[in-house]
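Accompanying notes for the structure given below.
Every number here is computed from the coordinates shown, using simple stated rules; none is lab data. In this text, all values refer to a predicted model and were calculated from it rather than measured experimentally. Every residue, glycine as well, gets a Cβ built from its backbone with ideal geometry; the counts of neighbours run over all protein chains shown.
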Amino acid sequence: MKNHDQELLLNIENLHIHFVLKKETVKALNGVDIKVARGKTIGLVGETGAGKTTTALAIMNMIQKPQGRIIDGKITLDGIDILSKNRMEIESIRGNLVSMIFQDPMSSLNPVLNVGEQIAEGLVLHKHMDRKEALVEAGELLEKIGIPRSRACDYPHQFSGGMRQRVLIAMGLACNPKLLIADEPTTALDVTIQAQVLQLMRELKANFNTTIFMITHDFGIVAEMCDEVYVMYAGTVIERGTLTDIFDHTRHPYTEGLFNSLPDIEHRNRELIPIHGRTVDPTNLPAGCPFWPRCNYICDKCRQDMPPEILVSDTHGVKCWLYENTSENPLMRRDYVAEENND
Amino acid sequence: MTDHNTILQVRNLKKYFKVGAGLLHAVDDVSFSIERGTTLGIVGESGCGKSTLGRTILRLVEPTSGDIIFEGKNITHVNRRAMKQLRKEMQLIFQDPFSSLNPRISISCAIDEALVLTGRYKDADERFAKILDLMGSVGLDERLANAYPHELDGGCRQRVGIARALAMEPKFIVCDEPVSALDVSIQAQILNILRQLKKDHNLTYIFITHDLSVVNYISDAIAVMYLGRVIEMAKTEELFANPLHPYTNALLSALPIPSIHNRKERILIRGEITSPINPKPCCRFAQRCDYCTQECLEKEPPLVDLGNGHMVACNRVGK
């Protein structure tokens, strides 16, 4: 047991976060459980409003009060109970233990400071270096991410989108954190630049042995980067498992719907089968399973009770009543069906 | 010159913008033609000129030179009034469903605006029946007729955009990244609607996107753009099976495939897109190309047809 705990870098248990506004309450997270082992890359997948970013912000203890309220749950990062820490304590954890790369490289850099200063800032704050040392270190970090040291004195507007995202990665890695949260790090970038940034992240992971918590909506990136996948819908993890579990043994109707919605580049004549309806309104969640209004496999129980996580294998958990009494897989994923018919 | 089946032909189209540092070559000598009832996908990365091309064809941006021939008629220099008539036949669907609708008018009014312009309907009742008909054909619930844009999510707004374009009963629609702002489950809904509408109304699309898997699904032929130039053009199957330009190759291999089988080896291209301002007379991809030779730095390769409709602009090809 002890050993298992040591392997586990991050443990999120039953996390509930609501944002209480004047007129309504946004139920952003409704019972999230995520376990991240050291050295792994975890993919958190879901559509807009699924609660991916809220989960990431909670790990950084950056949920804005008073609207943001942690109703229930616990986050343990490297043995530290994150949510119980006060502001001073959490500041020593951020940067050193965990850091985050944000989605939009255009707006997450300070436009009036040169990038060297911005990278050095974290080093001064968390590693207690003096400014000169920190600037030298910042130059070295820039070299590591493929930007010449001489550009440390340049300002963010002098860099392209891909370069800015590299700078953000350098800032994230500056203090060599154990956990790096990457929130849609390549969404704003072109595919060829995305490929460069993903390659860089893979190399850095190999060199620094950082654990990466990757938020994305792109199953292509997950397939390429991650070891394990968590699929979120309406503030809860509805399916989790290894890459093989999720990609080849899809169990949840929502995950199936996502795969069926993706154009298949190898079989361009395969019809897309969209999920009908639209994503749930987090201020007005349906009773029972949040996905039932869009689901093709509903039964009476789905409308009444939220299914618990059912383990269909050691590594593969799914929240769906379909698997309550059986381990058979009733789903009809487009490509599975096509392969059976030898399409 | 143009046969009956060709709905649109573009010849040597150029659009240069004057900027402080010189001339920005947004669209540089682009030629192609589209057959009625087909979809031409235009792919490229940000700044390659794909949106400008779409807008220039509709003359929302005035071309610097070249010809646009729509339905056998050269429309490059027709006046505003004639263009207004022509726009009934050529429409545009915008990328951003959040900023392309007037926030102060309801959905039915937004569609009504377009219907009034057609002049085909005699009174409001007739138009309202048409509005409901249009809303039905793009999958919008009737009860949303009086809703305002802020009440709708991205997918529904994009449907309104499509309904407005359809209101004119066009023959030809330029879709400028219509699904890039949407979640995958919604994106699939919109793509299927666009496909269905094309079938029902025998529409012709130019589909502008940066997403190769989307363009593969929706297009019959694809033109790949790089820095204002079309560098490769072919039927969709041909392009994906047999990409010839090093840039197309790199684009295809950079695409993350949502499958854990048959993982390909990546071709990473170095560097980033160069400036489109006053480009040198050399191959525009030369600086990032692994196969770059002295010839590439001296001579800009023309777009050459390899015989089967597969065109490519690369000095390597054909040797």
Point-charge dipole on Cβ atoms (K/R +1, D/E -1) for chain A, about Cα centre, debye to 20 = 1100
Quick one: Debye curve from the C-alpha atoms of region A:1-76, no solvent, what's log10 I(q)/I(0) at q = 0.13, 0.18, 0.20, 0.23 Å⁻¹?
-> -0.42, -0.74, -0.88, -1.09
Quick one: if the Förster radius is 25 Å, what FRET efficiency do residue A:266 and residue B:267 give, using the C-beta to C-beta distance and rounding to 0.05?
-> 0.90
Of B:247, B:277, A:217, whose Cα points farthest to the positive end of the dipole of the protein assembly as shown (charges on the beta-carbon: +1 Lys, Arg; -1 Asp, Glu; origin at the Cα centre)?
-> B:277
Quick one: work out the % antiparallel among DSSP beta bridges in the protein assembly as shown, nearest 5.
-> 60
Per-residue mean of other chain beta-carbon atoms within 10 angstrom of the beta-carbon, peptide B:179-191?
-> 6
Share antiparallel - DSSP beta bridges, chain B, percent rounded to 5 = 60
Taking only the alpha-carbon positions of chain B as identical scatterers, the Debye log10 I(q)/I(0) at q = 0.13 Å⁻¹ comes out as -1.00
Debye log10 I(q)/I(0) at q = 0.23, 0.25, 0.27 Å⁻¹ for region B:104-169, Cα point scatterers | -0.91, -1.07, -1.24
Within 10 Å of each residue's Cβ, count the other Cβ atoms and sort A:336, A:254 from fewest upward.
-> A:336, A:254
Please work out the FRET efficiency for the pair residue A:206 and residue A:88, using the Cβ-Cβ distance as r and a Förster radius of 41 Å; give the result to the nearest 0.05.
-> 0.75
Quick one: among B:149, B:97, B:256, which has the greatest mean-square fluctuation in a GNM of chain B with alpha-carbon springs under 10 angstrom?
-> B:256
Based on the Cα gyration tensor of the protein assembly as shown, what are the three equivalent ellipsoid semi-axes, each the root of five times an eigenvalue, rounded to whole Å and given largest first?
-> 42, 33, 24
Ranking of A:44, A:258, A:331 by count of other Cβ atoms within 10 Å, fewest first | A:331, A:258, A:44
FRET efficiency for residue B:60 and residue B:85, Cβ-Cβ distance as r, R0 = 22 Å, nearest 0.05?
-> 0.90
Approximate spin-label separation residue B:113-residue B:180, in nm, with each point projected 7 Å along Cα-to-Cβ | 2.3
Pseudo-spin-label distance residue A:199 to residue B:133, built 7 Å along Cα→Cβ, given in nm, is 5.5
Please identify every one of the trypsin sites (Lys or Arg not before Pro) in region A:1-90 that sits in a loop by DSSP and has no more than 13 other beta carbons within 10 Å of its own beta carbon.
-> A:22, A:23
Taking the Cα centre of chain A as the origin and placing charges on Cβ (Lys, Arg +1; Asp, Glu -1), which of A:113, A:26, A:307 is farthest toward the positive end of the dipole?
-> A:113
Spread of Cα-to-Cα distances over 10 Å intervals beginning at zero, given as percent, for region B:32-106 | 15, 44, 33, 9
How about chain B: what cysteines have no other cysteine beta carbon under 4.7 Å from their own?
-> B:48, B:109, B:156, B:175, B:282, B:314
The lysines whose Cα lies under 17 Å from the Cα of residue A:319, excluding any fewer than 8 residues away in the same chain, are A:35, A:301
Who wins for biggest fluctuation among B:255, B:58, B:144 in a Gaussian network model of chain B, springs between alpha carbons below 10 Å?
-> B:255
Separation of the residue A:336 and residue A:306 label points, Cα + 7 Å toward Cβ, nm | 2.6
Extension reserve of the residue B:33-residue B:73 stretch, reckoned as 0.36 nm per residue once the Cα distance is removed | 13.1 nm
By how many degrees, 0 to 90 and rounded to 10, does the Cα axis of helix B:184-201 deviate from the longest principal axis of chain B?
-> 80
Computed about the Cα centre, the charge dipole of the protein assembly as shown from +1 Lys/Arg and -1 Asp/Glu charges at the Cβ has a magnitude in debye, to the nearest 20, of 1800
Looking only at region B:264-278, which residues have a backbone nitrogen under 12 Å from a spot 7 Å from the Cα of residue B:287 in the C-beta direction?
-> B:271-278
Listed residues B:72, B:136, B:307; largest mean-square fluctuation, Gaussian network over chain B with Cα springs below 10 Å, found at B:307
Alpha-carbon centroids, region B:275-319 and region B:237-270: separation in whole Å | 19
Once both axes come from the Cα atoms, what is the angle between helix A:131-144 and the longest principal axis of chain A, in degrees from 0 to 90, rounded to 10?
-> 50
